[in-house]
Amino acid sequence: MRDSTQPTRERILQAAGKLFRRDGIRAISVDAIAEKAGITKRTLYYHFRSKDDLIAAHLQARDEPNLALFKRWFDEADGDIAAKVAGIFRNLAQSARDAKWRGCGFLRTSVELINLPGHPALIAARAHKKRVEDWLCTLFAEAGAGDEAMPLARRIMLLLDGSFAIVLLHRDPSYMETAADAAADTIRHGLTKSAASTSSDNPN
């Protein structure tokens, strides 16, 4: 049953999100989104100028919740920073065991829009991935990674998005668990390398 008290814009985004996650952005028409949201197409275009704007708004709406989920998984995990980041991967592996799991919506959208690099949805996707990377960089800097913080964050992003792709391809969440171990090893090596470099710079 539809919630008649839910703002129309939010109802449209919710309907679009369900359809985009299920079938992809290109396969879903504006008519289908309007029907699922229980509105007319004219009303949809009142809130969104085009389907492209709706796709971008859908990704923008997922930005903060996705990052907040990563942060919660990090906070809930036990152990050192390496174990806590690995906890994000392990939670993703658990999510991937759900038959309805469709991988990373930001990456799926980038594939569907590969020939449109300036598309507003790709701008939104890049902004989200950069926010995750910057958050990781901050964590590693606070852990004492120094100049290694950003390179380390980028390595973890490569493991994260690479595991999204390979798990979606093989439908085998154990790849995400392998990525968790690789992430932990990478972080510990990076922090050790940074500490050794600092010690050599300050022999006294």
- Could you work out the helix-only [θ] at 222 nm for the chain, with each DSSP H run of four or more residues adding -39,500 (n - 2.57) and the total divided by the number of residues, to the nearest 500 deg cm²/dmol? -25500 deg cm²/dmol
- Task: Step through the residues of segment 158-163 one at a time and calculate ³J(HN,Hα) from phi using the Karplus curve (6.51 cos²θ - 1.76 cosθ + 1.60, θ = phi - 60°), rounding each to whole Hz and writing x for Gly and Pro.
- Result: 5, 5, 5, 6, x, 5
- Of the accessible area of segment 1-48, computed with a 1.4 Å probe and all protein chains kept, carbon and sulfur make up a percent value of 47
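Over all distinct Cα pairs, what is the inverse of the mean 1/r for segment 3-67, reported as the Kirkwood hydrodynamic radius in Å?
One over the average 1/r among Cα pairs gives 11.8 Å for segment 3-67.
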- Step through the table entries 71/129; 129/193; 18/84; 18/51; 51/71, compare each Cα-Cα distance with 21 Å, and write down the pairs that go over it. 129/193; 18/84; 51/71
- Query: Roughly speaking, what is the stretch gain from residue 123 to residue 169, that is 0.36 nm per residue apart minus the C-alpha to C-alpha distance, in nm to one decimal?
  - Reply: 14.1 nm
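Please give the per residue volume of the convex hull enclosing the alpha carbon atoms of the chain, rounded to a whole number of Å³.
In the chain, the Cα hull volume divided by residue count equals 142 Å³.
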- For every other residue with a beta carbon closer than 12 angstrom to the beta carbon of residue 154, add +1 if it is Lys or Arg and -1 if Asp or Glu, then tell me the sum. -1
- Would you please name the chymotrypsin sites (Phe, Trp or Tyr not before Pro) within segment 23-121 that are DSSP coil residues with at most 15 other C-beta atoms within 10 Å of their C-beta? 101
- Give the Debye-formula value of log10 I(q)/I(0) at each listed q (0.17, 0.23 Å⁻¹), with one equal scatterer per alpha carbon of segment 67-163, two decimals each. -0.84, -1.28
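With an 8 Å cut-off on Cα pairs and a minimum separation of 6 or more residues, tell me the relative contact order of the chain in percent.
Values: 178 pairs, mean separation 44.4, N = 204.
Answer for the chain is 22 percent.
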- Query: Taking the Cβ-Cβ separation of residue 99 and residue 9 as r and a Förster radius of 25 Å, what is the calculated FRET efficiency to the nearest 0.05?
  - Reply: 0.25
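What accessible area per residue comes out for the chain, rounded to a whole number of Å², with a 1.4 Å probe?
56
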- Task: Count charges around residue 45 for me, please; just the other residues with Cβ under 13 Å from its Cβ, Lys/Arg as +1, Asp/Glu as -1.
- Result: +2
- Item | Nitroxide proxy distance, nm - points 7 Å out along Cα→Cβ at residue 157 and residue 138 | 1.5
- Message: Can you tally the net charge around residue 79? Count Lys and Arg as +1, Asp and Glu as -1, for every other residue whose Cβ sits under 15 Å from the Cβ of residue 79.
- Response: -3
- Query: Of 118, 158, 178, which is farthest on the positive side of the dipole of the chain, counting Cα position, with +1 on Lys and Arg Cβ, -1 on Asp and Glu Cβ, and the Cα centre as origin?
  - Reply: 118
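The values are calculated or read from the model by the stated rules, or taken from the named source; none is laboratory data. All values derive from a computational prediction rather than experimental measurement. Heads up, the Cβs are rebuilt from the backbone with ideal geometry, glycines too, and the neighbour counts pull from every protein chain shown. What goes into the accessible areas is simple: the full protein's heavy atoms, side chains included, and nothing from ligands, DNA or RNA. Shrake-Rupley method; radii C 1.70, N 1.55, O 1.52, S 1.80 Å.
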